Amino acid sequence: MMHFILLFSRQGKLRLQKWYITVPEKEKKKITREVIQTILVRNQKTSSFVEWRDLKLVYKRYASLYFCCAVEDGDNELLTLETVHRFVEVLDKYFGNEYSSCPNKAWMNKVCELDIIFNFEKAYFLLDELLIGGEIQDTSKLSVVKAIEDSDMLQETMEEYLNKPAF
């Protein structure tokens with residue numbers, strides 16, 4: 001089971017965090033700081049798996065973002081890495097449309113940090129469609145993105161309805 005997932009920049013700025021276990025806020029900050037430091041000091045050519053405390057950290061860098069998951073010692077690291085990659089693909093598929101905040105998106109093939117910064121609520125929604133309780137919920141990129149796009153459409157429809165004058 002996944003304990004948490006963190007997205008952070010190369011400068012160590014936390015962009016997204018999702019916890020699947022109950023941890024006090026003070027401990028979350030301490031863990032986050034320690035995990036980020038552990039990952040950032042590693043050489044890029046080293047393994048994407050780190051034994052940390054009684055967990056395994058599985059991470060991957062895409063553009064300027066690190067995606068890091070903490071899983072139990074007995075969990076499959078490659079499956080976790082595949083889950084991280086699936087999340088990146090879902091983000092890329094969603095933000096690759098008209099929603100992207102990144103300049104020159106045509107040459108980029110992965111979600112960029114600005115997408116997460118300016119649309120963090122959508123990133124959380126996408127993560128919640130993909131993972132529930134630290135376990136993979138849906139492996140289909142299309143169904144995850146469609147669920148969020150349907151939600152966007154419903155929100156736009158409601159806003160239009162509420163903005164119409166009442167006669």
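What is the extension gain from ASP73 to ILE117, computed as 0.36 nm multiplied by their sequence separation minus the C-alpha to C-alpha distance, in nm to one decimal?
12.7 nm
Please work out the C-alpha center-to-center distance from region 23-79 to region 142-157 and express it in whole Å.
31 Å
Per residue, what accessible area does the chain have, given a 1.4 Å probe and all protein chains present, in Å²?
59 Å²
In nm, to one decimal, how far is the modelled label at ASP138 from the one at THR46, with both set 7 Å along Cα→Cβ?
3.8 nm
Could you sort the peptides 15-25, 129-139 by per-residue average Cβ neighbour count (10 Å cutoff), highest mean leading?
With the highest mean Cβ count within 10 Å placed first, the list reads 129-139, 15-25.
Which whole-Hz ³J(HN,Hα) couplings does region 121-137 yield from phi under the Karplus relation 6.51 cos²θ - 1.76 cosθ + 1.60, θ = phi - 60°, glycine and proline marked x?
Karplus values, whole Hz, x for Gly and Pro: 5, 5, 4, 5, 4, 4, 5, 5, 6, 8, 10, 10, x, x, 10, 5, 9.
Which ³J(HN,Hα) values in Hz, rounded to whole numbers, follow from the phi angles of region 42-57 under the Karplus curve 6.51 cos²θ - 1.76 cosθ + 1.60, where θ = phi - 60° and Gly and Pro get x?
Result, ordered by residue: 6, 5, 5, 8, 7, 4, 8, 10, 10, 7, 9, 6, 9, 10, 10, 9 Hz.
Given the chain, what whole percent of its Cα pairs are spread farther than 28 Å?
Value for the chain: 25 percent of Cα pairs lie more than 28 Å apart.
Taking a point 7 angstrom from the Cα of THR22 along the C-beta vector, which residues in region 49-72 have backbone N less than 14 Å away?
Counting backbone N atoms under 14 Å from the label point, the list is empty.
Which percent of the accessible heavy-atom area of region 1-105 goes to carbon and sulfur, probe 1.4 angstrom?
Using a 1.4 Å probe with all protein chains present, region 1-105 comes out at 46 percent carbon and sulfur.
Across region 19-29, in residue order, what do the Karplus-derived ³J(HN,Hα) couplings come to in whole Hz, using 6.51 cos²θ - 1.76 cosθ + 1.60 with θ = phi - 60° and x for Gly and Pro?
10, 10, 10, 8, 9, x, 4, 5, 5, 4, 5
In percent, what relative contact order does the chain have, based on Cα pairs under 8 Å that are 6 or more apart in sequence?
21 percent
Using modelled amide H (1.01 Å from N, peptide plane; none on Pro or chain starts), what sits under 5 Å from the amide H of TRP52, excluding residues fewer than 5 places away?
Sorted by chain and number, the residues that satisfy this are LEU57.
The values are calculated or read from the model by the stated rules, or taken from the named source; none is laboratory data. Here the structure is a predicted model, which is why all the values come from computation and not from measurement. When we count neighbours, we look across all protein chains shown, and the Cβ atoms used for this are built from the backbone with ideal geometry, even at glycine. Only protein heavy atoms, including side chains, enter the accessible area calculation; ligands, DNA and RNA are left aside. Shrake-Rupley method; radii C 1.70, N 1.55, O 1.52, S 1.80 Å.
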